[in-house]
Amino acid sequence: MRLNRVLALFFLLAWGVLAPAAERKKWSTLECSYVPHANNDGDSFHVRCGAEEFVLRLYFVDTPETSLLYPERTREQAEHFGATLDATLKAGSQARSYVREALRGPFTVTTRMASAPGRSRDPRFYGMVEVGGKNLDEMLVLQGLARAKGVAVGVPGEKARAHARRLQLMEERAKQEGRGLWARTK
């Protein structure tokens, strides 16, 4: 009986140490292009990377919704920015247009292909986008078209907390300068 408990404890400890390591996927850097799609928005959009096409969900940021499909989330976003629902939805459309324009040419996606839950039936993965030497999440926050919120992860060369903190400072700057959705709150 005691041996069974010891073995069970051993397997639980081994699983607790080895399972998270097995779940960690390696980072990949992919050259991609934007794929127009009706469900694209500012923080989640279709991309083609080589022969693969999938929905990319940005780490670290949340752009305003483009419809009232998720009314509670849209209300929460409006409250965060101190804006009306109508202004929030318009900013969501602006964020979608901003991303489409920013990603007109090739760009780089850094991802571990970690599954990102969402409404799309297409494969959906978290990632970071770099375009023209700039991070898309930072560009959106500085334009006042996203808030520093969402899934955070340590990315190659930077810890999650440091990146999230930098985005929070950028959000404060956008708010002080009245950019994007913050302009509607002054």
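The values are calculated or read from the model by the stated rules, or taken from the named source; none is laboratory data. In this text, all values refer to a predicted model and were calculated from it rather than measured experimentally. No Cβ is skipped: glycine too gets one built from the backbone with ideal geometry, and neighbour counts run over all protein chains shown. The protein model used for the area step is the full one, side chains on, heavy atoms only, and it has no ligands, DNA or RNA in it. Shrake-Rupley method; radii C 1.70, N 1.55, O 1.52, S 1.80 Å.
Over what distance in Å are the Cα centres of segment 109-186 and segment 24-79 separated?
Their Cα centres are 11 Å away from one another.
For segment 93-106, in order, what is each residue's ³J(HN,Hα) by Karplus, 6.51 cos²θ - 1.76 cosθ + 1.60 with θ = phi - 60°, in whole Hz (x at glycine and Pro)?
Each residue's phi maps through the Karplus curve to give 5, 5, 4, 4, 5, 4, 5, 4, 5, 5, 9, 4, x, x Hz.
Determine which lysines satisfy two conditions relative to LYS26: a Cα distance under 25 Å, and not lying fewer than 8 residues away in the same chain.
LYS134, LYS149, LYS159
Compare the Cα positions of ALA83, LEU69, ALA146 along the charge dipole of segment 29-158 (+1 at Cβ of Lys, Arg; -1 at Cβ of Asp, Glu; about the Cα centre) and return the one farthest towards the positive end.
So the residue furthest toward the plus end is LEU69.
In percent, what relative contact order does segment 85-186 have, based on Cα pairs under 8 Å that are 6 or more apart in sequence?
Reported relative contact order: 23 percent.
Taking N as the number of residues in segment 76-186, what is its Cα Rg relative to 2.2 N^0.38 Å?
1.10
Determine the share of segment 29-186's accessible area contributed by carbon and sulfur atoms, expressed in whole percent, with a 1.4 angstrom probe.
49
Any idea what the relative contact order of segment 60-132 is, in percent, if you count C-alpha pairs under 8 Å spaced at least 6 apart? Don't jump to the answer; show the numbers that get you there.
Numbers: 68 pairs, mean separation 17.5, N = 73.
The normalised contact order for segment 60-132 reaches 24 percent.
Per-residue accessible area for LEU89 at 1.4 Å probe radius, Å² rounded to 10?
Around 40 Å² of this residue is reachable by solvent.
Starting from the amide H of ARG112, placed 1.01 Å from N in the peptide plane, find each other amide H under 5 Å away whose residue is 5 or more places distant or on another chain.
Those lying under 5 Å, H to H, from ARG112 are SER28.
What is the distance, in nm, between label points placed 7 Å from the Cα along the Cα-to-Cβ direction at ARG121 and at ARG165?
4.5
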